[in-house]
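See below for the structure under consideration.
Rule-based calculations on the coordinates, nothing more; no lab input. What you see is a predicted model; the values in this text were computed from it and never measured. When we count neighbours, we look across all protein chains shown, and the Cβ atoms used for this are built from the backbone with ideal geometry, even at glycine.
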Amino acid sequence: MSETPIAAPDPPPGLSELFLAFASMSLAGFGGVLPWARRAVVEQRKWLTAEQFNEAFSFSQLLPGPNIVNFSVIFGSRLRGPAGAAVALAGLLGPPLVIVTIFAMLYTRYGDIPWLQGVLSGLAAAAAGLIIATTAKMAKPLFEKALATRSLDAAPLVALAVFFAIGILRWPLPYVLAVAAPVSIALAWFRR
Amino acid sequence: MKGDGDILLTLAGHFALLSLFAIGGANAAVPEMHRVAVELRHWMTDRQFADLFAIAQVSPGPNVIIVTLIGYQAAGLAGALVATLAMCGPTCVFAFYMGRTWERFREARWRNAIQSGLVPISIGLIAASALILALAADRNWVAGAVTFATAAFGYWTRLNPLWMFTAAGLIGLAGYI
């Protein structure tokens, strides 16, 4: 088991160091923690090489649930066992949880004030735009590949079908995934 | 109060389930959160949902923090905690155990099939998130223009989103949206 892609650095960082690392990347991570996680773990502390980070993160994306949360658990447990997983998770979620709860209280109390409602409406419109940009960036390689090969690749069709079922028809996610996931994985399996 | 326990249980149930179905991260789970919180349970209006999503986006921390806001809106402090724990708990346990065994299958064909099979699904889900959020946020043509401009800047430039949020917030503050 010494050949694991996430080799623990020697000596492994202490629990408080682990907590601080995840707390600081979480608080810096505005609109997504991933770039900060890479910077903190790979560039600053050199706990992982870039390749190890990519491997660990792609695995985190594969698991269900929030990716960066999975990453903190996998990474923390690899370094310091169950305590490491708990500490990394607490560092990642604890501080933002406190901050966002305060925001929630303020919103409940002052959310109806016209000028604040105006600001929030502006932010909401921008947030929607950023998700559209993310979608376009993610979808680009998928559709480019299909256009370049001029073949009717199934992957873009799967993406469109999921979009239609969830975004337009508003079907419940579990039902859609129960059909789409096996189909899409089978298509990927037989692709070559 | 009668009913509070029921709301907490409902929150826990929905988010624990969602935790295991959230392929592609928290943003891909937004349509299901919207369906449950707005359409099914009526915990908030469409507009409040868009507001909460925006607050989550401009707050530090991972995107999943939107569930804390939804939980608070539904059932106060206890709701915030329950929703967050339910969304992260099951998947954390899963990650903890899978993290120890999975790597030996790194080169396995079925692992690669799962990995590439889930990509188009994530994209479809995030596209649905984009549509639902845009429909909730864009109540007039100025808001629509802000969404369009942010999408264009986000796609074609490497401008820090903070600047786009600042500009959009100011446009909103000026009363145009």
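Global dimensions of the stretch A:152-192 from alpha-carbon coordinates: Rg and Dmax equal 10.7, 33 Å.
One way to sum up the overall shape of the stretch B:59-112 is the equivalent ellipsoid from its Cα gyration tensor, whose semi-axes run 33, 12, 8 Å, largest first.
Once a ≥ b ≥ c are taken as the square roots of the eigenvalues of the Cα gyration tensor of the stretch A:50-131, is the result rounded (a/c under 1.5), prolate (a/b larger than b/c) or oblate (a/b not larger than b/c)?
oblate
Among the residues of B:83-94, the average count of other protein chain beta-carbon atoms within 10 Å of the residue beta-carbon is 4.
When you filter the trypsin sites (Lys or Arg not before Pro) in the stretch B:89-177 for DSSP loop state and at most 10 other Cβ atoms inside 10 Å of their Cβ, you are left with B:158. The mean number of Cβ atoms from other chains found within 10 Å of a Cβ in peptide B:107-117 is 5, as a whole number.
Taking Cα pairs under 8 Å and at least six residues apart, what relative contact order does chain B come out at, in percent? It rounds to 28 percent for chain B.
Going by a ≥ b ≥ c, the root eigenvalues of the Cα gyration tensor, does the stretch B:4-115 fall in the rounded group (a/c under 1.5), the prolate group (a/b larger than b/c) or the oblate group? It is prolate, given that a/c is not under 1.5 and a/b is the larger ratio.
Could you calculate, for the protein assembly as shown, the ratio of the Cα radius of gyration to the Kirkwood radius, expressed as Rg to Rh? Dividing the radius of gyration by the Kirkwood radius yields 0.96.
Taking a quarter of the surface of the Cα convex hull of chain A gives a mean projected area of 15.0 nm². Only Cα pairs within less than 10 Å get springs; with that Gaussian network setup on chain B, which residue of B:38, B:30, B:67 has the largest fluctuation? Comparing B:38, B:30, B:67 in a Gaussian network model of chain B, the most mobile one is B:38.
Starting from the Cα-Cα distance between residue A:49 and residue A:148, subtract it from 0.36 nm times their residue separation and give me the gain in nm to one decimal. Before the final figure, lay out the partial values.
Values: separation 99, 0.36 × 99 = 35.64 nm, distance 3.37 nm.
My answer for the length gained is 32.3 nm.
Restrict the search to the stretch A:116-156; then list the trypsin sites (Lys or Arg not before Pro) that DSSP places in a loop and that have at most 10 other Cβ atoms within 10 Å of their Cβ.
Values: sites: A:137, A:145, A:150; in loops: A:150.
Sparse-neighbourhood loop trypsin sites (Lys or Arg not before Pro): A:150.
Using the Cβ-Cβ distance between residue B:156 and residue B:108 with R0 = 41 Å, the FRET efficiency computed as 1/(1 + (r/R0)^6) comes to roughly 0.60.
If the Kirkwood radius is taken over C-alpha pairs of the stretch A:30-95, then at 10 °C and 1.306 mPa s the Stokes-Einstein diffusion coefficient equals 134 µm²/s. Applying both filters, DSSP loop and at most 11 other Cβ atoms within 10 Å, to the trypsin sites (Lys or Arg not before Pro) of the stretch A:33-114 gives A:46. Under the simplified labelling scheme, the residue B:6-residue A:108 pair shows an inter-label distance of 2.0 nm, with each label point 7 Å from Cα along Cα→Cβ.
Spacing of the modelled spin labels on residue B:42 and residue A:140, each 7 Å from Cα toward Cβ, amounts to 4.4 nm.
Sequentially through the stretch A:98-113, phi angles give Karplus couplings (6.51, -1.76, 1.60; θ = phi - 60°) of 5, 4, 5, 5, 4, 4, 4, 5, 4, 5, 4, 7, 10, x, 8, 5 Hz, Gly and Pro residues having no value and appearing as x.
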